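The values are calculated or read from the model by the stated rules, or taken from the named source; none is laboratory data. Note that the structure is predicted; figures quoted are calculated from it, not measured. Virtual Cβ from ideal backbone geometry, glycine too; neighbours counted across all protein chains shown.
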């Protein structure tokens, strides 16, 4: 159920959960490549190459974490000063651009698409920041 009283918190939670599960494809691939660890297991000195999509999954996760550091305080501040259609919309669009960026990165979609998703997400952060500054 969508909470119409705090849409910024809803989309923040969705973004945090998305960021929190982005490691799963990479780890799943490593289990497939190396097998499950046993009690004496220690990383091999020269582990086999990772699949290209798995390396991109790591990059997608790192990028999502780096951007969450900016988005989360802005979404929280927007919630504290009171939700608005602008801040709610920016949070919603931010979530879907991060989803598109992660899926595009993992799938190996060409750089212009991923860059567009990234820049739209960054624009959402700017919109949140300006909305907070103009209302405070």
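Observations on the model:
- Taking residues in region 120-135 that are over 23 Å from residue 64 (Cβ atoms), and partners anywhere that are modelled with pLDDT under 95 and surrounded by fewer than 17 Cβ atoms within 10 Å (Cβ to Cβ), the pairs with Cβ atoms closer than 7 Å and at least 6 places apart or on different chains are 135/81.
For (1) in contact with a helix residue (DSSP H, G or I) (Cβ under 6 Å, 6 or more places away or on another chain); (2) modelled with pLDDT under 85; (3) closer than 23 Å to residue 118 by Cβ, each residue gets a yes or a no:
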{"residue": "21", "(1), (2), (3)": "no, no, yes"}
{"residue": "41", "(1), (2), (3)": "no, yes, no"}
{"residue": "47", "(1), (2), (3)": "no, yes, no"}
{"residue": "57", "(1), (2), (3)": "yes, no, yes"}
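- Selection from region 9-37 of residues that are surrounded by 12 or more Cβ atoms within 10 Å (Cβ to Cβ) and in a loop (DSSP other than H, G, I, E, B): 22, 23
- The residues in region 90-121 that are farther than 15 Å from residue 12 by Cα and either in contact with a strand residue (DSSP E or B) (Cβ under 7 Å, 6 or more places away or on another chain) or assigned to a helix (DSSP H, G or I) (or both) can be counted, and the count is 18.
- Filtered residue count, region 79-88, keeping only those that are closer than 16 Å to residue 122 by Cα and crowded, with 17+ Cβ neighbours inside 10 Å: 2
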